[in-house]
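This report refers to the structure that appears directly beneath it.
The values are calculated or read from the model by the stated rules, or taken from the named source; none is laboratory data. The model shown is predicted, which means the values in this text are computed figures rather than measured ones. Here the Cβ positions follow ideal geometry from the backbone for every residue, glycine too, while neighbour counts run over all protein chains shown. To get the accessible areas, we keep the full protein, side chains included, count just its heavy atoms, and leave off ligands, DNA and RNA. Shrake-Rupley method; radii C 1.70, N 1.55, O 1.52, S 1.80 Å.
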Amino acid sequence: MNPTKKILVSGASIAGPTLAYWLHYYGFDVTIVERFPELRLGGQNVDVKGPALEVIRKMNLEDAVREANTTEVGLRFVNQKNETLAEFSKESALSMTQELEILRGDLVNILYEHTKADVRYIFGDYIKDLNEQPEHMEVTFNSGKTEVYNLVISAEGIGSNTRNLVFKERVKFKYLGVYTAYLTIQKAATDSRWARWCNAPEGIVFMMRPDSYGTTRASITFLSPEKGYEKLRIAEQKQVLIDKIKNAGWEAGRLTKEISKSEDLYFERVSQVKAPLWHKGRFAMTGDAAYCATPISGKGIDLSMSGAYILAGELSMTDDYEKAFTKYENRMRGYVESSQKLPPGIPGIVYPTSGIGVNILNGLFSLVGSKPVQKLISLFTSKNKAAKSEIELPDYR
Ligand SMILES: Cc1cc2nc3c(=O)[nH]c(=O)nc-3n(C[C@H](O)[C@H](O)[C@H](O)COP(=O)(O)OP(=O)(O)OC[C@H]3O[C@@H](n4cnc5c(N)ncnc54)[C@H](O)[C@@H]3O)c2cc1C
């Protein structure tokens with residue numbers, strides 16, 4: 001028998017189900033355990049491009065992703081009076097709207113639907129303890145049951161608890177100085193197919209983005225020293241946000257009401273995960289749990305999907321799981337490190353803390369958004385240029 005046959009994957013978001021799909025494809029027996037009682041479908045748009053698009057194509061999911069397009073037409077920077085300072089259509093190299101935009105939750109759902117017939121899913125439970133034996137890993141779940149697997153892989157995101165069971169203090173976080181909250185809100189008259197970005201003093205950025213469900217996806221990002229907000233209970237997180245935005249103007253009043261009644265609020269510190277090693281014995285990790293680069297990098301989906309693809313592929317090539325884990329890490333490390341490098345001043349520069357700072361930044365947005373400057377920039381950049389592949393995705397089949 002293949003000694004790495006039975007695999008437990010922890011976390012049912014992007015990395016977990018992608019990994020599970022490929023592991024099943026190569027003949028492994030896969031179980032996914034998700035801490036929440038159901039899929040977590042919150043969050044804003046994510047873009048599927050580069051390596052993520054390559055993996056999606058290999059999984060025959062491109063049509064499903066295209067169908068779920070958010071239909072966002074571009075990005076507008078607006079001032080406190082909601083006047084447009086600059087707009088960048090989807091075609092502009094400066095727009096964050098990509099050709100293949102999908103709600104994070106829709107992508108999670110597509111991956112779940114694509115794997116649920118072949119992969120055993122357990123919701124509402126999590127790994128409480130791991131006991132490694134020469135031939136297997138004994139897993140005790142929070143529910144009390146114990147099961148035996150050959151390998152356990154965490155795809156639990158930035159706050160991975162199982163990673164902490166195995167590596168304890170060895171994993172470091174590089175906090176980037178901002179918190180972000182995502183929530184789904186009711187559509188209002190000011191919302192359209194354009195995403196809106198508004199800076200407010202005290203280092204706050206609001207973003208409203210359209211979705212294809214008749215609702216709006218809001219995010220609130222703000223500068224702050226590290227406060228451990230991500231560990232608070234939801235009700236406490238809501239209060240932190242409400243206090244934070246109470247004098248922020250623009251549509252803060254509308255957001256305050258929405259925060260109070262939100263059922264999908266997701267509130268995280270924006271931190272990169274720096275782990276010296278991504279595996280130990282029969283345990284490994286992938287996605288944000290191993291190497292979160294943050295949404296600011298724009299690489300979250302690329303990294304989680306390509307890492308999961310490579311990890312499964314390397315496991316399919318050998319019965320020696322330690323060798324496979326090492327090869328996965330060797331293939332991914334350089335890509336992760338380059339993705340975690342952010343331009344100087346990012347993110348702080350886009351979160352001015354004073355009214356004057358906001359005015360200066362708004363002036364800059366207007367300048368860059370002006371037709372002559374956009375034209376000039378378009379001469380040097382193009383979204384349609386075939387980008388060199390960022391990471392090699394071998395054909396393990
Ligand atoms: C609710 C939510 C909303 C998000 N919104 C955005 C967004 O709008 N824009 C953006 O760029 N990124 C967003 N992200 C982050 C984005 O999904 C990741 O950066 C990226 O896709 C990598 O995915 P991942 O699968 O590694 O981790 P994640 O997407 O973080 O998923 C981790 C999964 O593991 C589960 N989990 C956590 N701990 C355990 C445990 N102990 N046992 C079992 N399961 C566990 C979580 O519930 C979650 O389903 C969001 C993440 C979440 C969870």
(message) Past the 21 angstrom mark, what percentage of all C-alpha to C-alpha distances in the stretch 49-146 do you count?
(response) 59
(request) Would you please state the base-10 log of I(q)/I(0) at q = 0.07, 0.08, 0.15 1/Å for the chain, with intensities from the Debye formula using one equal scatterer on every alpha carbon? (result) -0.33, -0.43, -1.44
(message) Show log10 I(q)/I(0) for the stretch 32-87 at q = 0.14, 0.30 Å⁻¹, two decimals, from a solvent-free Debye sum over equal Cα scatterers.
(response) -0.66, -1.14
(message) Taking only Cα atoms of the stretch 270-350, what ratio of Rg to Rh do you get with Rh as the Kirkwood inverse-distance radius?
(response) 1.03
(request) Provide, in order from the shortest bin, the percent of all Cα-Cα pairs of the stretch 138-182 in each 5 Å bin, continuing until the bin that contains the maximum pair distance. (result) 5, 14, 20, 24, 15, 10, 6, 6, 0
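Would you mind working out the accessible area per residue for the chain, using a 1.4 Å probe, and quoting it in Å²?
45
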(request) Rounded to the nearest Å, what's the spacing between the alpha carbon centres of the stretch 266-280 and the stretch 1-70? Just the number, please. (result) 19
(message) So if I restrict to the alpha-carbon atoms in the stretch 22-63, what is the Rg, and what is Dmax, the biggest pairwise distance, in Å?
(response) 13.7, 34
(message) Two decimals, Cα atoms only, Kirkwood Rh: what is Rg/Rh over the stretch 321-360?
(response) 1.42
(message) Rounding to the nearest 10 and keeping the result within 0 to 90°, find how far the Cα-based axis of helix 104-115 lies from the longest principal axis of the chain.
(response) 30
(request) Please work out the Cα center distance from the stretch 283-355 to the stretch 138-210, rounded to the nearest Å. (result) 15
(message) Using only Cα atoms and rounding to the nearest 10 degrees, what angle (0 to 90) does helix 321-340 make with the longest principal axis of the chain?
(response) 10
(request) Measure up Lys261/Lys299; Lys174/Lys261; Lys231/Lys261; Lys145/Lys227 against 27 Å on the Cα-Cα distance and list the ones that go over. (result) Lys261/Lys299; Lys174/Lys261; Lys145/Lys227
(request) Write down the radius of gyration of the stretch 1-110 and its Dmax, each obtained from C-alpha positions, in Å. (result) 18.0, 67
(message) What Kirkwood Rh does the stretch 205-291 have if only Cα atoms enter the pairwise 1/r average? Answer in Å.
(response) 15.4
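Calculate the translational D of the stretch 108-217 in whole µm² s⁻¹ from Stokes-Einstein, where the hydrodynamic radius comes from the Kirkwood formula applied to all Cα pairs, the temperature is 4 °C and the viscosity 1.567 mPa s.
70
Go through 15-28, 141-154 and give me the packing order, highest mean Cβ count within 10 Å leading.
15-28, 141-154
From the P(r) of the stretch 63-103, could you give the percentage of C-alpha pairs in the tail past 13 Å?
Pairs farther apart than 13 Å: 56 percent.
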